[in-house]
Amino acid sequence: MRANFIFSEVWIGLRRNLTMTIAVIVTVAIGMAMFGVGLMINTQVSAMKGFWDDKVSISVYLCSKNSAFENCRESGAITQAQKDEIRNELQSLPQVAGIEYEDQKQAFEKFKNEQAGNILATVTKAEDLPESFRVRLKDSSQYAAVVGLVKGRPGVANVINQKDILERFYGLLETFLWISVVLASVLVFAAILLIANTMRLAAYNRRRETGIMRLVGASNLYIQMPFLLEGMIAGLIGGLISASMLIMAKVFVFDRVHDYIALTARLTWADVIQVVVVALVAGVIICAVAAFMTLRRYLRV
Amino acid sequence: MIHLDNVTKVYPNQNRPALDHVSVDVDKGEFVFLVGPSGSGKSTFLRLILKEERPNSGQIHVAGKDLARLSNFKIPHLRRRIGCVFQDFRLLPNKNVYENVAFALEVIGKPRKFIRKVVPEVVELVGLDGKAFRMPDELSGGEQQRVAMARAFVNRPMILLADEPTGNIDPATSIGIMKVLDRINRTGTTVVMATHDAAIVDSMRKRVVELEDGKIVRDQSRGVYGQAY
């Protein structure tokens, strides 16, 4: 193998086929970027799940004197006996890891801190806020027993499972994940067709050369190598562009979102590097395989 | 060197065979004219030797190798031992004489030092010394064919196949081409030349194999083109 000979052939091929090569590069870049964003969302979701799983709790809000909840209107404010009963029953459940009680004063302090500066904080009094139990679970997926036990019970105003709120957020992210995966597949398909076309044009452009190479006994590898390398270089450039897009996505999208809503699990650079490497390798491999498959049709022995 | 045994070749979607039970032996160092009208099977004969086509039946041995048992992977190695010259020269228009000849060695991975040594020798052998850096469009048809012959011969093949090499060249220039082929033959290379050119066949007095409708109708050593012409 004479490397400089092959590379000069590759260079000539890329130049002659510039428009098609650019089309391949752009398609691969966007396709791999979509694919990478999908992977990043996936990493983000599992990181968040891992982070939240042992922190989510179920809030059981109790009726106070002037609760507006329908459940409270009949029974009125909760009695001490009812409170103790609920606490005991919850504690006896095997799924429960721990229970914290929050009285109206504590709830008010928390509310004031959260809503500091808000006009609402100045008009709200401690009596307006409900008492509540915070139930922590051993396994956040085992919430049904707790919710079933307290929901609709006299003296219980409302039950909020934090997991439900998170699930809704995961659901949103997963929708984005699927959108990016579908877009990525469509673009990869387009890239494969484009590469097939590029190779056909390249093989046609260089049919004299390849004809003579065949005739004088150049090996198939030698004849196909410039074409394969052309495809792989286009794939590599596309992959590099997608890598820079993914890095920008991390800095300008994922980190920004993290700053606005505390997702608490930040996408790390290690995650991004992993995704970038996968996108680069996938870009090159897709191009190489597509090129190889096409060449077998257009450069026969 | 070339051994065809009862070879039949029928192209797909055709009833009439291009070659019909053909048996020929060509020894090492021989010079053979393959004559016959268009469509008589001369080109098929040459393509079979290169394994560009496969016979429907019969056996072909080239340079001691049974082509039926030669894997696709090894076809390039067979072709390195066979040089080819065509009616339409098949030169690369963007390369000069030297580069066209060197191309044949570059693509089979020969070292540059070797290429620099042998290419000028072969260019001289075909009578193009002093024109090594001309482009093909600056050369006459005869000169272009000499370049093609240099390219075919530069790797010192055991066999040289020539498919109507004088087909595009005037009779006076053809004599020069034939002299080069004769010179190549004298180095021990087996030459098989398909041609329509009666004058050349008659003047060379070499072995003549005549094909007609895919069958061998004559095989004469020191023959002429044909009594009928």
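Values quoted throughout were computed directly from the atomic coordinates according to the rules given, and no laboratory measurement underlies them. Quantities reported herein were computed from a predicted structural model and do not represent experimental measurements. Cβ atoms come from the backbone with ideal geometry, glycine included; neighbour counts cover every protein chain shown.
Using θ = phi - 60° and the Karplus curve 6.51 cos²θ - 1.76 cosθ + 1.60, what whole-Hz ³J(HN,Hα) does each residue of region A:214-225 get, with Gly and Pro shown as x?
In residue order, the calculated couplings are 4, 5, 8, x, 5, 6, 4, 4, 5, 6, 7, 3 Hz.
Between B:ASP219 and A:LEU201, how high is the FRET efficiency from 1/(1 + (r/R0)^6) when r is the Cβ-Cβ distance and R₀ = 45 Å? Nearest 0.05.
With R0 = 45 Å, the Cβ-Cβ based efficiency is 0.45.
Once you order the gyration tensor axes a ≥ b ≥ c over the Cα atoms, which shape class does region A:1-57 get: rounded for a/c under 1.5, otherwise prolate or oblate by comparing a/b with b/c?
It is oblate, given that a/c is not under 1.5 and a/b is not larger than b/c.
Going by Cβ distance under 4.7 Å, what cysteines of chain A have no possible disulfide partner?
A:CYS287
I need the shape label for region B:112-164. Rule: rounded when a/c is under 1.5, else prolate if a/b > b/c, else oblate, with a, b, c from the alpha carbon gyration tensor.
oblate
To the nearest Å, what is the center-to-center distance of region A:214-278 and region B:196-229, using C-alpha atoms only?
Using only Cα atoms to place each centre, the spacing works out to 65 Å.
Using alpha-carbon pairs under 8 Å, 6+ residues apart, how would you state the relative contact order of chain B in percent?
Relative contact order for chain B comes out at 28 percent.
Given the alpha-carbon gyration tensor of the protein assembly as shown, what are the semi-axes of its equivalent ellipsoid in whole angstrom, ordered largest first, with each equal to the square root of 5 times an eigenvalue?
So the three semi-axes of the protein assembly as shown are 87, 24, 16 Å.
How much net charge surrounds A:ALA243 when only other residues with a Cβ under 15 Å from its Cβ are counted (Lys, Arg +1; Asp, Glu -1)?
Net charge in that neighbourhood comes out at 0.
Let me have the 222 nm mean residue ellipticity of chain A computed from DSSP H runs of 4+ only, each contributing -39500 (n - 2.57), with the sum over all residues rounded to the nearest 500.
Calculated mean residue ellipticity at 222 nm is -23500 deg cm²/dmol.
Between A:VAL253 and A:ARG134, what FRET efficiency comes out of the Förster formula 1/(1 + (r/R0)^6) with R0 = 35 Å and r the beta carbon distance, rounded to 0.05? Intermediate results must be reported in sequence, preceding the final value.
Numbers: r = 33 Å, r/R0 = 0.95.
E(calc), rounded to 0.05, equals 0.60.
Just list whichever of B:LYS95/B:LYS131; B:LYS74/B:LYS215; A:LYS83/A:LYS112; B:LYS179/B:LYS206; A:LYS163/A:LYS250; B:LYS42/B:LYS215 have alpha carbons separated by over 20 Å in the model shown.
From B:LYS95/B:LYS131; B:LYS74/B:LYS215; A:LYS83/A:LYS112; B:LYS179/B:LYS206; A:LYS163/A:LYS250; B:LYS42/B:LYS215, over 20 Å: B:LYS74/B:LYS215; A:LYS83/A:LYS112; A:LYS163/A:LYS250.
Hand me the trypsin sites (Lys or Arg not before Pro) from region A:210-301 located in a DSSP loop with no more than 12 other Cβ atoms within 10 Å, in residue order please.
Values: sites: A:ARG214, A:LYS250, A:ARG256, A:ARG266, A:ARG296, A:ARG297, A:ARG300; in loops: A:ARG266, A:ARG300.
Passing sites in region A:210-301 are A:ARG300.
Label-point separation (nm) for B:GLN14 and A:LYS83, each offset 7 Å from Cα along Cα-to-Cβ?
About 10.3 nm, to one decimal.
Averaged over its residues, how many other protein chain Cβ atoms are within 10 Å of peptide B:68-80's Cβ atoms?
So the per-residue partner count for this stretch is 3.
What FRET efficiency comes out for the pair B:LYS65/B:GLU138, r = Cβ-Cβ distance, R0 = 35 Å, nearest 0.05?
The value I calculate is 0.30.
Count, for each residue of B:101-108, the Cβ atoms from other chains sitting within 10 Å of its Cβ, then give me the mean as a whole number. Working shown, then result.
Details: counts 0, 0, 6, 6, 2, 9, 16, 7.
Mean shielding by partner chains, rounded to a whole number: 6.
Any idea how far the Cα center of region B:106-182 sits from the one of region A:100-174, in Å?
Computed from Cα coordinates, the inter-centre distance equals 92 Å.
Averaged over peptide A:280-288, how many Cβ atoms belonging to another chain are found within 10 Å of each residue's Cβ?
0
Find the relative contact order for chain A and round it to a whole percent, using C-alpha pairs within less than 8 Å whose residues are 6+ positions apart.
The normalised contact order for chain A reaches 33 percent.
What percent do you get for the relative contact order of region B:103-229 when only Cα pairs under 8 Å and 6+ apart count?
Working: 129 pairs, mean separation 23.4, N = 127.
Across region B:103-229, relative contact order equals 18 percent.
Express in whole angstrom the spacing between the alpha-carbon centres of region B:7-84 and region A:32-74.
Each part's Cα centre sits 77 Å from the other's.
Rounded, prolate or oblate: pick one for region B:54-144, where a ≥ b ≥ c are the square roots of the eigenvalues of its C-alpha gyration tensor, a/c under 1.5 means rounded, and failing that, prolate if a/b is larger than b/c, else oblate. Kindly include the intermediate steps, with their values, before the conclusion.
Details: a/c = 2.71, a/b = 1.87, b/c = 1.45.
Because a/c hits 1.5 or more and a/b exceeds b/c, region B:54-144 counts as prolate.
Before rounding to the nearest 500, sum -39500 (n - 2.57) across all DSSP H runs of length at least 4 in chain B and divide by the residue total; then give [θ] at 222 nm in deg cm²/dmol.
After summing the helix terms and dividing by residue count, I get -9500 deg cm²/dmol.
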